[in-house]
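Participant: Take this structure first; my questions come after.
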Amino acid sequence: MGSSQTTPTLSTNMKTITTIGEMQALSDEMRKDKRIGFVPTMGYLHEGHLALVRKARELADIVVVSIFINPTQFGPKEDLAKYPRDFDRDSNLLEQEKTDIIFFPDSKDMYPKGYTTYVQVRDLQNYLCGKSRTGHFVGVATVVAKLFNIVKPHFAVLGQKDYQQLKVIERMAQDLNMNLEIIGYPTVREQDGLAMSSRNTYLSPDERSRALLISTSLAEAERLFRNGTRDAVLIQREVEGILKSKEGIDIEYVSVANPETLEDVEQIKDKALVAIACHVGKTRLIDNKVLMEEQNA
Ligand code: AMP
C-alpha cells in the first residue's frame, strides 16, 4: 500500500487531501520515518485552533489538520446547516502555520450508505453537555476514532475549551488501546476573556457583550477558590448569580465537578472543574476552568 505515494516536502507545500484511501496510504508512508501530529477541527478557524496547530508544529515532523463538520455530533435541532464554513480562508490560515496536510473529507465518504458502527464512551458522556445533547459524544467519539484510523497520528492536540470532549477522547484512546498520545491545550481567549469559538460569529454586538459574563463568572469562581472557598455549591451559586445578573443569558448548567469523572462534587478537595453551558440569544456557548491549588489553570 502507498508505494506510488510521495511523502510531502516538509512545510513548504501544503496539500489538501479529500479521499480517505489517499490519506491512509500517505500516512502509512510517512509513519515509516516521520512523527505525525494531528489537529481535528470543524473549520472556520480562529486563534484557538491555530494555537493547537502551532503546538502540533512544534512537536511533529508532519502536521495534519482535518476540516470536517461531523453530522453525527449535531442533534436534529442544532446548527449543522448553518455552521460557518470558509475553506479558502481556513486553507490560507493553515498554510501560514506551515501545515503539511489538510484532510477535508466528504460526509458521504465518512458515512457511506449502510454505515452502522458507533463508539460509545460510557459514563463520561452522560454528564455536563451530555445531558442535553443526547448522542453528541457518540458522534464525537465515532468521528475522532475514524479520523485517527485514517490519519494514523502519533499524537493529536485537542482544546481544553471542550473539556468533556477532551476527556471522552482521552478515555476512548486509552480503552481502545489506540496507539497515540492525546495532548490537551489551554483555552485561547479574546483579549476581554471570551473563549474563542467558531460560534462567536453568531453573536450580535449586544449578545457579545453579555457573553462576557461567562468568563467573568469563571474568574470569580477562581477568586473564591484562591481565597479558600471549597464549598462547591457556594461557588456554583455565585457563578449562576453572575450569569443571571443581566438579562439574556439562559443557563443550561453550571457544574462544579470532579475533573476526571465529571460528576458534581459538594466539597472541593484539591481540584475541581467549573463548567458552564448557556444560551446567549440563540447561540449555545460553553466555557470552563479547572480550579487547582498552587497553579494557574
Ligand atoms: P471545533 O472546530 O470547534 O470542533 O474545534 C476543534 C478543536 O479546537 C477542538 O479540539 C477544540 O477544543 C479546539 N478549540 C476550539 N476553541 C478553542 C479555544 N478557544 N482554545 C483552544 N482550543 C480550542
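The values are calculated or read from the model by the stated rules, or taken from the named source; none is laboratory data. Here the structure is a predicted model, which means the values were calculated and not measured. Reconstructed Cβ throughout: ideal geometry from the backbone, glycine too, with neighbour counts over all protein chains shown. With ligands, DNA and RNA removed, areas are computed over all heavy atoms of the protein, side chains included. Shrake-Rupley method; radii C 1.70, N 1.55, O 1.52, S 1.80 Å.
Participant: Could we say that Glu222 is among the charged types (D, E, K, R), under 14 Å from Thr283 (Cβ atoms) and touching a residue at least 60 places away in the same chain (Cβ under 8 Å) here?
Facilitator: no
Participant: Any idea how many residues of the range 26-47 are touching a helix residue (DSSP H, G or I) at 6+ places or on another chain (Cβ under 8 Å) and open to solvent by 10 Å² or more (accessible area, probe 1.4 Å)?
Facilitator: Residues that pass the stated criteria total 6.
Participant: Considering only the range 216-225, I want to know if a residue exists there that is near the ligand (Cβ under 9 Å from one of its atoms) and surrounded by 16 or more Cβ atoms within 10 Å (Cβ to Cβ).
Facilitator: No; the residues of the range 216-225 include none that is near the ligand (Cβ under 9 Å from one of its atoms) and surrounded by 16 or more Cβ atoms within 10 Å (Cβ to Cβ).
Participant: Can you tell me which residue in the range 69-89 is nearest to the ligand (Cβ to nearest atom), limited to those that are under 20 Å from Ala141 (Cβ atoms) and over 13 Å from the mean Cα position of the chain (by Cα)?
Facilitator: It comes out as Tyr83.
Participant: Residue by residue through the range 101-137, note down the ones that are open to solvent by 80 Å² or more (accessible area, probe 1.4 Å), among the hydroxyl-bearing types (Ser, Thr, Tyr) and either without any contact (Cβ under 8 Å) to a residue 24 or more places away in the chain or touching a Gly at 6+ places or on another chain (Cβ under 6 Å) (or both).
Facilitator: Across the range 101-137, the qualifying residue is only Thr116.
Participant: Which one of the conditions (1) closer than 22 Å to Tyr44 by Cα; (2) over 24 Å from the mean Cα position of the chain (by Cα); (3) not acidic (Asp, Glu) does Leu212 fail to meet, given that it meets all the rest?
Facilitator: Here Leu212 clears every test but (2).
Participant: While we're looking at this one, here's another question. If you take the residues of the range 120-142 that are closer than 15 Å to Glu260 by Cα and among the polar types (S, T, N, Q), which of them is nearest to the ligand (Cβ to nearest atom)?
Facilitator: Across the range 120-142, the extreme among qualifying residues is Gln125.
Participant: Name every residue in the range 163-204 that is touching a residue at least 60 places away in the same chain (Cβ under 8 Å), of a type in the set (Lys, Arg) and open to solvent by 40 Å² or more (accessible area, probe 1.4 Å), in order of residue number.
Facilitator: Correct list: Arg199 only.
Participant: Any residue in the range 143-162 that is away from the ligand (no atom under 16 Å from the Cβ) and either small (Gly, Ala, Ser) or open to solvent by 60 Å² or more (accessible area, probe 1.4 Å) (or both)?
Facilitator: Yes, the conditions are met somewhere in the range 143-162.
Participant: Here's a follow-up. For Glu266, are the conditions met, namely being within 24 Å of Gly130 (Cβ to Cβ), among the charged types (D, E, K, R) and touching a strand residue (DSSP E or B) at 6+ places or on another chain (Cβ under 7 Å)?
Facilitator: Taking the combined requirement at face value, the residue does not satisfy it.
Participant: Among the candidates Lys269, Lys282, single out the residue that is open to solvent by 90 Å² or more (accessible area, probe 1.4 Å) and under 23 Å from Lys82 (Cα atoms).
Facilitator: Lys282
Participant: Do we find a residue being in contact (Cβ under 8 Å) with a residue 24 or more places away in the chain, of a type outside the set (Lys, Arg) and assigned to a loop (DSSP other than H, G, I, E, B) anywhere in the range 275-282?
Facilitator: yes
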